[in-house]
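Colleague: The structure that follows is given in the form of structure tokens.
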Amino acid sequence: MPELPEVETTRRGILPFVEGFVVEDLVVRNRSLRLPVPTTLKRCLRGRQVVALKRRAKYLLFEFEHGHLLVHLGMSGSLCLVEAKQTLRKHDHIDLCLSSGKVLRYHDPRRFGLWLWTDQPVEEHALLRHLGPEPLGPDFDGELLFQKSRKRKVAVKSFLMDGKIVVGIGNIYAAEALFAARIRPTRAAGRVSRLEYQRLAEHSKRILAESIDQGGTTLKDFVGGDGSPGYFAQELAVYGREGESCGVCAGILKGKVIGQRASCFCPNCQK
DNA sequence: CCCGATTCCTGTAGGC
DNA sequence: TGCCTACAGGAATCGG
């Protein structure tokens, strides 16, 4: 389940074989992603140089002279650099063939991902324009969370996962950040104090940065650009640990559905 | 505007 | 062994 650290891990992994190289071909075996892969995409990309590979939220942005390729991994997508002769697996939907000699292969069993082209300035694209700040950037802090949350009744966990507030924090990292900040995820966002939001923002930044250092979280099948898994899963304190004992107080971690998402917290440590 | 529910999809796990 | 069901989740969309 790629959240920000997994997308950033992917970006860093594939960067050396993507940036500065020319797209020699695009092979789409299955256009049926969350939105259809445009039939015009090959024409947009072939013969063009990837000027830069950036990230915004959970989107990978392949920058070209006259537009951008937007790639979103959805919840089961991954990108891997492979040799051209590498045999295809089930759900290998797209190949981006590059002048580096490598093929960037897109694998996505659940097909919630996106591959789209835009000629607009990329920040103005409909999918990006209403997004909140990057959690690792200077615009994200406790004061922003505090100000945006006043009078809001939604659970603080759902609030933290809302891309209009701050991007890149999904179910795993929201659970972890709330545990580290000792805030119960069920509380109304508008009733969390300024001080608590300062803790939440700081721990969010720390946890995301540490996960990137570890190559992201591999729960089942996430792999970085070189095909290797991430090692942050062993650092997870609460995610997926319902019924186990808390590493801080040894109490039993409680599971609860919040905003249609499985959640887990420590009733003793998180107030 | 705010919020909860629904939707897309497939692999996996658990019950029987 | 196999069939069936529930569940996992990012984010857009819809209805109240």
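All of the numbers you see were taken from the coordinates with simple rules; none came from a lab. None of these values were measured; they are calculated from a predicted model. Please note: Cβ atoms are built from the backbone with ideal geometry, for glycine as well, and neighbour counts cover all protein chains shown.
Colleague: Which value, in debye to the nearest 20, gives the size of the charge dipole of chain A about its Cα centre, when Lys and Arg are +1 and Asp and Glu are -1 at the Cβ?
Modeller: 1220 debye
Colleague: Roughly how large, in nm² to one decimal, is the mean projection of the convex hull of the alpha-carbon atoms in chain A?
Modeller: Reported value for the Cα convex hull: 14.1 nm².
Colleague: Moving on. Hey, what's the per residue convex hull volume over the C-alpha atoms of the range A:182-271, in cubic angstrom?
Modeller: Dividing the Cα hull volume of the range A:182-271 by its residues yields 116 Å³.
Colleague: So if I place +1 on the C-beta of Lys and Arg and -1 on the C-beta of Asp and Glu, and nothing else carries charge, what would the dipole magnitude of the range A:4-124 be about its Cα centre? I want it in debye, nearest 20.
Modeller: For this selection, approximately 480 debye.
Colleague: In Å, what Kirkwood hydrodynamic radius results for the range A:1-146 from the alpha-carbon pair distances?
Modeller: Answer for the range A:1-146: a Kirkwood hydrodynamic radius of 15.7 Å.
Colleague: Residue by residue through the range A:168-177, which ³J(HN,Hα) values in whole Hz follow from phi under the Karplus form 6.51 cos²θ - 1.76 cosθ + 1.60 (θ = phi - 60°), with glycine and proline marked x?
Modeller: Per residue, the Karplus-derived 3J(HN,Hα) values read x, 9, x, 4, 5, 6, 4, 4, 5, 5 Hz.
Colleague: Determine the alpha carbon to alpha carbon distance for each of A:LYS58/A:LYS90; A:LYS42/A:LYS205; A:LYS58/A:LYS85; A:LYS54/A:LYS85; A:LYS205/A:LYS271 and list only those over 32 Å.
Modeller: A:LYS42/A:LYS205
Colleague: Do you know the relative contact order of chain A, to the nearest whole percent, from alpha carbon pairs under 8 angstrom that are 6+ apart?
Modeller: Relative CO of chain A lands at 19 percent.
Colleague: Using θ = phi - 60° and the Karplus relation 6.51 cos²θ - 1.76 cosθ + 1.60, list the HN-Hα couplings for the range A:31-46 in order, rounded to whole Hz, with x at every Gly or Pro.
Modeller: Result, ordered by residue: 7, 8, 9, 4, 10, x, 5, x, 5, 7, 4, 4, 5, 5, 9, 4 Hz.
Colleague: So if I average 1/r over every pair of distinct C-alpha atoms in the range A:19-58 and take the inverse, what Kirkwood radius in Å does that give?
Modeller: Details: mean 1/r = 0.0851 Å⁻¹.
Computed over Cα pairs of the range A:19-58, the Kirkwood hydrodynamic radius comes out at 11.7 Å.
Colleague: Could you work out the helix-only [θ] at 222 nm for chain A, with each DSSP H run of four or more residues adding -39,500 (n - 2.57) and the total divided by the number of residues, to the nearest 500 deg cm²/dmol? Show your work: numbers first, answer last.
Modeller: Details: 6 runs with 63 residues, N = 271.
The helix contribution divided over chain A gives -7000 deg cm²/dmol.
Colleague: Sticking with this structure for a sec: Normalised by the residues of the range A:162-248, what does the relative contact order come to in percent, with Cα pairs under 8 Å and at least six apart? Can you show the working numbers first?
Modeller: Details: 68 pairs, mean separation 22.1, N = 87.
That works out to 25 percent.
Colleague: Please compute the alpha carbon radius of gyration of the range A:121-210, then divide it by the globular-protein estimate 2.2 N^0.38 Å. Two decimals is fine. Provide the component values of the computation, followed by the final result.
Modeller: On the way: Rg = 12.5 Å, N = 90, 2.2 N^0.38 = 12.2 Å.
Ratio of Cα Rg to 2.2 N^0.38 Å: 1.02.
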